[in-house]
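What follows is a short report on a single structure.
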Amino acid sequence: MIQSDKMLRRVDDDWTEPRDPAAVGISSQRIADYRKIFVAIECPRGFIYNPQTGTITLVAWAVGLAVSGSSKVFVFNPTDPTPLVADLDTYRKHGKPDQRGYAHAYRHLDGLWYLEYLGD
């Protein structure tokens, strides 16, 4: 669905990008269908689509992040993300922060799907 709705950048539990999906040809029923699926797969914060990279992010868990926080998301990534690690929980405790102070890593799941951790 996401790959066919390329003008739709984000569907969250109570907002979308663009704000008016009908303006890019996406019906309110289609948005409702997305939200129903996200509740069923326990990702109520929906998805983020990056048209430049083709990356699709399904938000599984997030706390904070404006100033500090962490998140785990499922990522469909057409390119190999780095760093790839075997265990995100271990990495979370011992990973080296990047220039922003965040530990950031991916664990491969299957095909082009990864679990991504970002946190401070």
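The values are calculated or read from the model by the stated rules, or taken from the named source; none is laboratory data. Model, not experiment: these values are computed from the prediction. Cβ: placed from backbone, ideal geometry, glycine included. Neighbour counts: every protein chain shown.
For this structure, a couple of remarks:
- Taken over segment 67-84, the criterion of being crowded, with 16+ Cβ neighbours inside 10 Å and among the aliphatic types (A, V, I, L, M) is satisfied by Val73, Val75.
- Number of the exception - Trp61 against (1) at pLDDT 95 or above; (2) part of a strand (DSSP E or B): (1)
- Filter result for Gly111 (surrounded by fewer than 18 Cβ atoms within 10 Å (Cβ to Cβ) and modelled with pLDDT under 75): no
- Options Tyr34, Tyr49; residue that is aromatic (Phe, Trp, Tyr), touching a Lys or Arg at 6+ places or on another chain (Cβ under 9 Å) and closer than 27 Å to Leu88 by Cβ: Tyr49
- Number of residues in segment 28-47 that are closer than 19 Å to Gly119 by Cβ and either in contact with a Leu (Cβ under 8 Å, 6 or more places away or on another chain) or at pLDDT 95 or above (or both): the value is 1.
- Qualifying residue in segment 8-25 (condition: acidic (Asp, Glu), free of Cβ contacts under 8 Å to residues at least 60 places away in the same chain and under 26 Å from Asp120 (Cα atoms)): yes
- Within segment 7-41, the only residue that satisfies the criterion of being touching a Ser or Thr at 6+ places or on another chain (Cβ under 7 Å) and among the charged types (D, E, K, R) is Arg10.
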